[in-house]
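Here's the structure we're looking at; comments come further down.
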Amino acid sequence: MTELRTNKFEERGLLGLAFHPKFASNGKLYVYYSAPRRAEAPKDWDHTSHVSEFQVKAGGTEVDPASERVL
């Protein structure tokens, strides 16, 4: 069980999602999420935040995880 911190609040996981204005034609969407700490991040951080662009797979029912482009 994770220790509860009384002086800090952290959100983890998927924090936001937005569709490209032309999603119907280009299949792009954007997500904001927390991820493990990047190597270049300060040593006292235990995670980092990402805003990434993804592409929907052909057929339009599933996001292609390999299409991630961290912005």
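Assorted remarks:
- Residue check, residue 28 loosely packed, with under 12 Cβ neighbours inside 10 Å and free of Cβ contacts under 8 Å to residues at least 40 places away in the same chain: no
- Within segment 1-21, restricting attention to residues that are modelled with pLDDT under 95 and among the hydrophobic types (A, V, I, L, M, F, W, C), the residue that is least open to solvent (accessible area, probe 1.4 Å) is 15.
- Considering segment 47-62, the residues that are of a type in the set (Val, Ile, Thr) and open to solvent by less than 80 Å² (accessible area, probe 1.4 Å) include one that is farthest from residue 17 (Cα to Cα), namely 48.
- Tally, over segment 22-57, of residues that are modelled with pLDDT under 90 and either β-branched (Val, Ile, Thr) or more than 21 Å from residue 11 (Cβ to Cβ) (or both): 4
- Among the residues of segment 33-46, just one is open to solvent by 100 Å² or more (accessible area, probe 1.4 Å) and part of a strand (DSSP E or B), namely 36.
- When the criteria are applied in full, residue 11 fails the requirement of being charged (D, E, K, R) and in a strand (DSSP E or B).
The values are calculated or read from the model by the stated rules, or taken from the named source; none is laboratory data. Treat the numbers as computed from the prediction; the structure is a model and nothing was measured. Methodologically, a virtual Cβ is constructed for each residue, glycine included, from the backbone with ideal geometry; neighbour enumeration extends over all protein chains shown. Remember, those area values only see protein heavy atoms, side chains included, never the ligands or the DNA or RNA. Shrake-Rupley method; radii C 1.70, N 1.55, O 1.52, S 1.80 Å.
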